[in-house]
Structures are given as structure tokens and as C-alpha cells.
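Novice: Before anything else, here's the structure in question.
Every read-out reported here was derived from the displayed coordinates using simple, explicitly stated rules and does not represent laboratory data. Please read all numbers here as calculations on a predicted model, not as lab measurements. Don't worry about glycine lacking a Cβ; one is built from the backbone with ideal geometry, like all the others, and counts go over all protein chains shown.
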Amino acid sequence: MFQQSHQRPFSLKPLAASLLMVSATMLSACGGSSDSDDSHEHTEIDTEGRLALFDTDSSQLKVLDLDNSQVLAAMAIDGEVPSLYASPGYRYVVATQRGDNRVQFVDGGLYTEDHGDHLHDYAETPSLLSLTLSGNKPTHYTRVGDQAVIFYDGGDAASSKVEVISDAGLGAGHTDAVLELENAMHGVAELVGDQLFVTYRDASITDTTLPAAVERYHRDGNSFQFEHRYDETCPLLHGAGVSNRWVGFGCSDGLLVMDLNDSDYGATRLANPDALAEGSRFGTLSGHTSVAELVAVAGDQVFVVRPESASSVFTRLPLDEGVGLVTQGFADEGEVFYLLGDDGVLRLFDTDDGWALEHSVRVTGAVAEDGESPAVTVSESEDRIFVLDTADREVVEVDADDGVVLRTLDLDFAPAGLVWVGLIDDDHGSHSH
């Protein structure tokens, strides 16, 4: 059954008016105590967080306050429409521009500092960082725990490279570590603790830029030390994901998975399931550090993957006949997995209950074949999923537990891209995309 909101939509006020409502300095500060024997307690800000969206009309990245539905700040970003991601600590917006060979960062303004005897939350006006990264074709962005990796594909005159970022590093104006690779490839990397799993393309492969193998490195400060190249091949490798047990890569003929519980991080090849459509392959993987299983996507088919299972390695998640997949991911601390179909329906699966389909909620109209696809982001402070309806210029907020639309935010600009930033609930795990 489809569930829709009957609440009155919010309308965004003009930028100039909204900026008057926000102080350029901290909205909360450490106050003194009249009793010198009193110790500070955690000074908390009760906030739903903020959304960053790109306005294609004005070429600006806009940050929206979810507490009052106001645009807090707008920053010009020239060039192509950026892909938007959250930093590992969800303070910063990571804006990658593959065609412009550039990565920029926006401070979302919500963060927590450790003051020794207490933690203190802050809310400031969003701002564009002076730090800008340059590299040939920044393409894949993956995030696990308190660090993230940007993979640069490289090109004819440049090799691929891996660059590691963290919130602490971004705040200090630098990246954390760099690995320069031997040649160019359309690759990907996953950094789990101090172990970097990164794609490898032999120089003899000249008919494609896709790699066919995986290497493992050990991070040592701001550099990496080579550990191992896996003998198990992964032809036409594309896509990677991390769960709390596995690192997985998509191959043309199946999956290559490494066991994080194995001291040697041993690899296993998983052949494509019989249910996979003819001529299809896995090219996208999703994982969550609170969930044991991986999710592998091949076209419009989605499979839960249990590499250790003796009888049911692949279990297909249902989409209605004729429905195409728009996007997918985890929410609610990994307890919910969502699929958004091109019929405009968000399907919510309970990962703790055998991946059962719990709710189906309509969030957009049907997606036109030649139209801009909706975007989805999730909150790390509440059990919320936000869907950007690019066609109707609105953001739909969904309760991930109950599967109901809570409100709709109307936008007065042409949006592209969506990401949540804010204060993290300690119980929420990190995602790998």
C-alpha cells in the first residue's frame, strides 16, 4: 500500500531573508558555571541537520536548514554539475567534478568538539573551504568509518591515484594520505582500518580501462606499503562495497570477496547466480558496517549476498514487474535497506528480519526515461530518508521505520544532487558507497 503525506508543504524563503536569520558566528557557546565545582556536561544542539543541494540555475551549492526550511548559504561552484557526498564525520560536503579534475569541500556548519571535560555541539554558517584537490578524473568516492577515499581514474597522461580524507584533516586544510598507482584505470578503492583494497590493471590490458585484479596495501602514516596482489582475478572489475565481514568487488562473471575476519584477508570468487539475467553483470555493491551481508546490483536486479552460506549465497530482493531501479542504500543504522524504483515508489526492507519488505511508499511521480533521476540521502542523526524529486523540485522526508512521508519541502530552484550533513547519532554506523 502506498502512503502519502497530507501535510502542507514548506516553502523556502529567499536567500537574502534567510541569511538574516543566521549568525555568522557560533549559535551556541560554552557558558561558565557559577559553581566552580560543577563539571561541564555535553552541550547539545537539537537539530535535524542540513541538506546540501546544487542549484543548476545559478551554479551554486545551497545548504538548507531542516529545522526551519531555510537556505542558510549559497556558494558558487563553477564548471560541471558536481557529485555530492558527505565526509566521514558528516560535517563537510564533498563535491567532485570529474570532468573538471577537481574536488571541493563545503563546511556544513554543524560539528562537535571535545572540550576535555565535556563535548560541545556548534552550529555555524556553512562556508566553502579554501582547500581544493586537483587530480585527473576523480570518480569513485567510498567511505568507511572515520576515513574516506577518493579514487582518481587518471587518463592518457596521468596515472590513477588514491587520496584519503578525514574530517580532522579537512579541518586542518589537508588530505591524510596518497597512493600513486602505476597506470590509469576506471577503478575503485576501499580503506578498512589501515588496510587499503585497491584495483589493479596490468599494463597488458589495452582493450579496456577496467581493471581485472585487486591489491592490498597497509597504510603507514601518510603513505601506503604494498602487501599483496590477489591471484583470484576479477575481469572487467566495477563497483565495490564493505560490510562488517566482507570487502566485495563486482566482476563480469561474478564477485570477488575478501574476508575481514581472516588474518590474511583471504579472497573467494563467487560465480554469478542462475537467476541473473542473461548478458548482465554486477557493477554496483552496497554495504554497511553494521550488517554482515553485501548487496550486489546488476541492472534492475538486486541480490543480498552471503558469501559464507553453503546453500543460499544470493537472495534476490523483489521489484515489481517492469520497474527499473533508480538507486539503493542503507538507512536507520543499517536496519533498513531501500530501493527506489522508476515508478516513484520507495521500498523499505528490514535487514534484521530476513530482509523482508516492510513498507512501500510513493515519493515521486514516475521517472521519465529522458528525465533527471531522483536522488536519495539518509540522516545519521534520525531514522530519516530524504528523496529529491528533481522533476517537481521538492524534497520528500520519509520515516525509515514507519514508511510514511513526514513532510515535503518545496524548492524554488532547479536542484541536482542531495546529501545530508549534521551531528551524528553515536549509534549510527558508517556506510560504504
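Novice: Could you check region 319-402 for strands (runs of 3 or more DSSP E) lying wholly inside it with 1 or more residues that are within 16 Å of Trp420 (Cα to Cα)?
Specialist: In region 319-402, 325-331, 375-378, 384-389, 394-399 are the strands (runs of 3 or more DSSP E) which contain 1 or more residues that are within 16 Å of Trp420 (Cα to Cα).
Novice: Right, something else. Just need a number here: residues in region 105-151 that are farther than 18 Å from Leu66 by Cβ, in a strand (DSSP E or B) and in contact (Cβ under 8 Å) with a residue 24 or more places away in the chain.
Specialist: Residues in region 105-151 being farther than 18 Å from Leu66 by Cβ, in a strand (DSSP E or B) and in contact (Cβ under 8 Å) with a residue 24 or more places away in the chain: 23 in total.
Novice: Name the single residue that is nearest to Glu180 (Cα to Cα) among those in region 89-104 being touching a strand residue (DSSP E or B) at 6+ places or on another chain (Cβ under 8 Å) and not in a strand (DSSP E or B).
Specialist: In this case the residue turns out to be Asn101.
Novice: Going through region 228-253 one residue at a time, which ones are within 15 Å of Gly266 (Cα to Cα) and among the aliphatic types (A, V, I, L, M)?
Specialist: Val242, Val247 - these are the residues of region 228-253 that are within 15 Å of Gly266 (Cα to Cα) and among the aliphatic types (A, V, I, L, M).
Novice: For Val295, indicate whether it is touching a residue at least 24 places away in the same chain (Cβ under 8 Å), in a loop (DSSP other than H, G, I, E, B), of a type outside the set (Gly, Ala, Ser) and buried (at least 21 other Cβ atoms within 10 Å of the Cβ).
Specialist: no
Novice: Return the residues of region 219-239 that are assigned to a strand (DSSP E or B) and either under 23 Å from Asp253 (Cα atoms) or touching a Pro at 6+ places or on another chain (Cβ under 7 Å) (or both); say none if nothing qualifies.
Specialist: Correct list: His228, Arg229.
Novice: A follow-up question, please. Is it the case, given these coordinates, that Arg269 is out of contact with any helix residue (DSSP H, G or I) (no Cβ under 7 Å at 6 or more places or on another chain), touching a residue at least 40 places away in the same chain (Cβ under 8 Å) and of a type in the set (Lys, Arg)?
Specialist: Considered against the rule, which asks whether it is out of contact with any helix residue (DSSP H, G or I) (no Cβ under 7 Å at 6 or more places or on another chain), touching a residue at least 40 places away in the same chain (Cβ under 8 Å) and of a type in the set (Lys, Arg), Arg269 comes out as no.
Novice: Taking the options Gly324, Gly354, Gly365, Gly344, name whichever one is of a type outside the set (Asp, Glu), farther than 23 Å from Arg50 by Cα and touching a Lys or Arg at 6+ places or on another chain (Cβ under 6 Å).
Specialist: None of the other options fit; the residue is Gly344.
Novice: Consider Gly154 carefully, then state whether it is more than 24 Å from Met75 (Cβ to Cβ) and touching a strand residue (DSSP E or B) at 6+ places or on another chain (Cβ under 9 Å).
Specialist: yes
Novice: What are the residues in region 270-286 that are assigned to a strand (DSSP E or B) and exposed (fewer than 15 other Cβ atoms within 10 Å of the Cβ), if any?
Specialist: Hit for region 270-286 is Ala271, nothing else.
Novice: Let me ask you something else. With the requirement that a residue be out of contact with any Phe, Trp or Tyr (no Cβ under 9 Å at 6 or more places or on another chain) and in a strand (DSSP E or B), what does region 55-70 give you?
Specialist: Within region 55-70, Val63, Leu64, Asp65, Gln70 qualify.
Novice: If you check every pair at least six apart or on different chains, which have Cβ atoms under 9 Å apart with a residue in region 306-324 that is farther than 15 Å from Val291 by Cα first and a residue that is β-branched (Val, Ile, Thr) and part of a loop (DSSP other than H, G, I, E, B) second?
Specialist: Matching pairs, first to second residue: Gly324/Val367.
Novice: Let me ask something additional. I'm checking my understanding of the structure. Among residues of region 203-232 that are buried (at least 16 other Cβ atoms within 10 Å of the Cβ) and among the β-branched types (Val, Ile, Thr), which one is farthest from Thr139 (Cα to Cα)?
Specialist: Per the criteria, the residue is Ile205.
Novice: Next question, about the same structure. Can you tell me which residue is nearest to His359 (Cα to Cα) among those in region 403-426 that are part of a strand (DSSP E or B) and charged (D, E, K, R)?
Specialist: Top of the filtered list is Arg407.
Novice: Now for a different question. Of the residues in region 104-140, how many are charged (D, E, K, R) and farther than 21 Å from Gly422 by Cβ?
Specialist: So the count comes out to 2.
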